[in-house]
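Novice: Got a structure for you, written out below as structure tokens; questions coming shortly.
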Amino acid sequence: MPQGSSHRVVLMVDENSNPFEMSCAIEVFGLRRPELGRELYDFRLCAAAPHTRMRDGFFTLTGVAGLEAAEEADTLIVPNRPDTGTPRAPRVLDAVRRAHARGARLVGFCSGAFTMAEAGLLDGRRAACHWMWAESFRARFPQVRLQPDVLFVDDGDVLTASGSASALDLGLHVVRRDHGAEIANHVSRRLVFASHRDGGQRQFVERPVPDVRDESLAPLLEWAQERLGEPLTVADLAARARVSPATLHRRFRAQLGTTPLAWLTAERVALACRLIERGEERLDVVAARSGLGTAANLRNRLRRVTGLSPSAYRRRFGAGAGEALVS
């Protein structure tokens, strides 16, 4: 796990890369956060050429390190660009392969999955890419287990995001994985961005303009987030919104790309993580206050989301590192 700024994140930029994804990486991993009392990452930019023309020639990037900076990356964010049919430069692919071979974590935003697939690093592995390129990706890389219509895929040491906005989702997921839910929530608040959208949510979310009244879910979500410890059900949410459960389900799908139950469960797990990080040792208390009910359900849900048991999560992210949780 990264310890402060000792974990180096390197963003590799290639000819015709997208400025938006570059900015997402800088915002999540590169900005100083003095209010936390420590830096989360040591961030660097690198490029294959001294002058790198960005997408559509909007500007040219200069003054960044060469590809040798990738040799020191603990996490390497691989290049993306919209011209997915143009092969990547061999020196770029070689740098990505070397990073992976020595154990660096690879992250691909949007078409970054094409870079990793061209390097031969996704064969037999799960990956995400933008829905617009899914068909061509499958045709070119049939050995990759492409996950259609998801925001991002975490396959351990290789992570891929489907599109531009989901670069922020994946970036926050990485921060959450490295530093815990509390720190990830802080970063998301700085971004004024949703703190947690699960990777399995749909890429394409319909947001129709209402004909008569505002049907935004925001007031309902805020109301529910203040009552996660209560025995809320989907029926309770529907009653609060004054719609049928079926209508509520359609609105969640349209506005959030998930179901009411999945959203409620994800919010409860996130709250449980924050309670553990703040020092609550009793699993039954964490389960009750987060609305997960029992210690057994807490263990199951936390392991499913984070890959860690509650005690392992506390050792990694909690205030009392090294102490065991009390059942």
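The values are calculated or read from the model by the stated rules, or taken from the named source; none is laboratory data. It should be emphasised that the depicted structure is a prediction, and the values quoted were computed from it without experimental measurement. We place every Cβ from the backbone using ideal geometry, glycine too, and count neighbours over all the protein chains shown.
Novice: If I filter the range 12-30 down to residues being out of contact with any helix residue (DSSP H, G or I) (no Cβ under 8 Å at 6 or more places or on another chain) and aliphatic (A, V, I, L, M), which single residue comes out as nearest to H186 (Cα to Cα)?
Specialist: Selected residue: I26.
Novice: Moving on to the next point. Given the options V144, V153, name the one that is buried (at least 21 other Cβ atoms within 10 Å of the Cβ), out of contact with any helix residue (DSSP H, G or I) (no Cβ under 8 Å at 6 or more places or on another chain), at pLDDT 90 or above and not hydroxyl-bearing (S, T, Y).
Specialist: One residue alone meets the criteria, V153.
Novice: Determine which single condition P208 fails, assuming it passes every other condition in (1) more than 21 Å from P79 (Cα to Cα); (2) surrounded by fewer than 20 Cβ atoms within 10 Å (Cβ to Cβ); (3) modelled with pLDDT of 85 or more.
Specialist: (3)
Novice: Mind listing whichever residues of the range 219-238 are among the polar types (S, T, N, Q) and touching a residue at least 40 places away in the same chain (Cβ under 8 Å)?
Specialist: Q225
Novice: Please verify whether the range 126-141 includes one or more residues that are of a type in the set (S, T, N, Q), surrounded by fewer than 23 Cβ atoms within 10 Å (Cβ to Cβ) and under 19 Å from the mean Cα position of the chain (by Cα).
Specialist: Checking the range 126-141: not a single residue is of a type in the set (S, T, N, Q), surrounded by fewer than 23 Cβ atoms within 10 Å (Cβ to Cβ) and under 19 Å from the mean Cα position of the chain (by Cα).
Novice: Another question, if that's okay. Give the residue, chosen from D236, D198, that is among the acidic types (D, E), at pLDDT 90 or above and surrounded by 10 or more Cβ atoms within 10 Å (Cβ to Cβ).
Specialist: Going through D236, D198 in turn, just one is among the acidic types (D, E), at pLDDT 90 or above and surrounded by 10 or more Cβ atoms within 10 Å (Cβ to Cβ): D236.
Novice: Still on this structure: Among the candidates M116, M132, single out the residue that is in the same structural domain as V78 (by TED's automatic domain parsing), of a type in the set (A, V, I, L, M, F, W, C) and at pLDDT 90 or above.
Specialist: Of the residues listed, the single one that is in the same structural domain as V78 (by TED's automatic domain parsing), of a type in the set (A, V, I, L, M, F, W, C) and at pLDDT 90 or above is M116.
Novice: Same structure, new question: Using the structure shown, decide if F20 is more than 22 Å from R177 (Cβ to Cβ) and crowded, with 21+ Cβ neighbours inside 10 Å.
Specialist: In short, no.
Novice: Next up: Against the definition (at pLDDT 75 or above and either surrounded by fewer than 17 Cβ atoms within 10 Å (Cβ to Cβ) or in contact with a Leu (Cβ under 6 Å, 6 or more places away or on another chain) (or both)), how does R189 come out, yes or no?
Specialist: Criteria met by R189.
Novice: Within the range 8-54, can you find the residues that are closer than 19 Å to V107 by Cβ and assigned to a helix (DSSP H, G or I)?
Specialist: Within the range 8-54, P19, F20, E21, M22, S23, C24, A25, I26, E27, V28, F29, G30 meet the criteria.
Novice: I would also like to ask the following. Has the range 107-124 got any residue that is surrounded by fewer than 21 Cβ atoms within 10 Å (Cβ to Cβ), farther than 23 Å from L146 by Cβ and free of Cβ contacts under 8 Å to residues at least 60 places away in the same chain?
Specialist: Checking the range 107-124: not a single residue is surrounded by fewer than 21 Cβ atoms within 10 Å (Cβ to Cβ), farther than 23 Å from L146 by Cβ and free of Cβ contacts under 8 Å to residues at least 60 places away in the same chain.
Novice: I would also like to ask the following. Hey, any hits in the range 55-70 for a residue that's within 23 Å of D178 (Cα to Cα), surrounded by 14 or more Cβ atoms within 10 Å (Cβ to Cβ) and not aromatic (F, W, Y)?
Specialist: The answer is yes, given that some residue of the range 55-70 is within 23 Å of D178 (Cα to Cα), surrounded by 14 or more Cβ atoms within 10 Å (Cβ to Cβ) and not aromatic (F, W, Y).
Novice: Look through the range 277-316, keep the residues that are on the phi > 0 side of the Ramachandran plot and in contact (Cβ under 8 Å) with a residue 24 or more places away in the chain, and return whichever of them is surrounded by the most Cβ atoms within 10 Å (Cβ to Cβ).
Specialist: It comes out as G291.
Novice: Still on this model: Pull up the range 263-276, narrow it to residues that are over 17 Å from the mean Cα position of the chain (by Cα) and not β-branched (V, I, T), then point me to the one that is surrounded by the most Cβ atoms within 10 Å (Cβ to Cβ).
Specialist: The selected residue is A272.
Novice: Could you tell me whether any residue of the range 66-85 is assigned by TED's automatic domain parsing to the domain that holds R138, among the hydrophobic types (A, V, I, L, M, F, W, C) and more than 26 Å from the chain's Cα centre (by Cα)?
Specialist: no
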